[in-house]
Amino acid sequence: MTRLIPHPVLSLSMVMLWLMLTRFSLGYLILGTALSLVAGRAYSALHPAKPRVRRWRAIPRLAATLFRDIVQSNITVARLLLIEGRGTRRSAFIQVPLTITDENALAVLAIILTATPGTAWLEYVVETGTLTLHIFDAAQEAHYREMIGQIYEPMLMEIFE
Amino acid sequence: MSPLEAVPLWIAIPVAILVVLGSTLTLIGALGFARLASFYDRLHAPTLATSWGTGGIIIASALMFSVLEGRAVIHEFVIGLCIVVTTPVTLMMLARAALHRDRAEGSDALPPGLLARPEKNAPGE
């Protein structure tokens, strides 16, 4: 089972993607399944850190929080861009110590921070566990620190570690 | 008669709002991209387009064609998924290239604490 389908979740999502891009029919289902199984085996040849999702239940909560944050920061950054030059906005570099070390959790955090306007991921140093961010509005530094440390990190820990 | 006239009003209004919202955010992002002065600031502007800019247009498209064709048309969300998953890769690559260049030059765009990488280099780089 593990050898035949090394990444069941990945393969299943690829079948879903395939069916979303084509019209549903038995032929497409068989073709999509075959392709996703081959892709899953090819992916395992890369020896990725296999994601171990421990709690699926936390994922909808993470998605809901992220959705709200994206909406809020879109509004904030759009406003800041419109008053650019007239306001007193300054950007800043901040360094955040991270407690999560799981590669997949870090990848998800990178997606979260990139998808949320206002924060840009600059660099993560493995030995020290320090993440360097560039934030668009220095006045919101405390907000971002809290957002990463108190909200997203515990959730990612719950899901992956 | 254009096919768009067949769109009922109750669906035309939310679709129009979402399309205008998405394109306005993308425009604001593009303007910011042109006007901002520093490279690191400019990293932020396009994220408006890749989050709700794309999101608004995708949701509008899915909504409208689901109603017009009378079935769930959701393949637009694949575009959204691909954008969300691939943007961090390019953004990080650009950011780290800029960081590397500014460190090598000792540029004053960086605060003194950032001129050196924290601790020694990570393996595999």
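Taken together, the values in this text are just the output of simple stated rules run on the coordinates, not laboratory data. Predicted, not measured: the structure shown is a model, and the values here were computed from it. Using ideal geometry, Cβ is built from the backbone for each residue, glycine included, and neighbour counts are taken over all protein chains shown.
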* To do: Mind listing whichever residues of region B:53-106 are of a type in the set (V, I, T), surrounded by 19 or more Cβ atoms within 10 Å (Cβ to Cβ) and more than 8 Å from chain A (Cβ to nearest Cβ)?
  => B:T54, B:I57, B:I58, B:I59
* Structure fact -> Restricting attention to region A:98-124, the residues that are within 7 Å of chain B (Cβ to nearest Cβ) and out of contact with any strand residue (DSSP E or B) (no Cβ under 8 Å at 6 or more places or on another chain) number exactly 3
* To do: Tally the residues that are farther than 15 Å from A:H134 by Cβ, under 20 Å from the mean Cα position of the chain (by Cα) and surrounded by 14 or more Cβ atoms within 10 Å (Cβ to Cβ), restricting the search to region A:73-102.
  => 4
* Asked: Does at least one position in region B:25-40 carry a residue that is in contact with a Pro (Cβ under 6 Å, 6 or more places away or on another chain), within 10 Å of another protein chain (Cβ to nearest Cβ) and crowded, with 18+ Cβ neighbours inside 10 Å?
  -> yes
* Structure fact -> Flagged in region A:101-121 as in a helix (DSSP H, G or I) and of a type in the set (S, T, N, Q), in numbering order, are A:N104, A:T114
* Structure fact -> Given the conditions (1) in a loop (DSSP other than H, G, I, E, B); (2) more than 8 Å from every other protein chain (Cβ to nearest Cβ), every one holds for A:Y144 apart from (1)
* Asked: Yes or no: A:T128 within 13 Å of another protein chain (Cβ to nearest Cβ) and either of a type in the set (D, E) or closer than 13 Å to A:V96 by Cα (or both)?
  -> yes
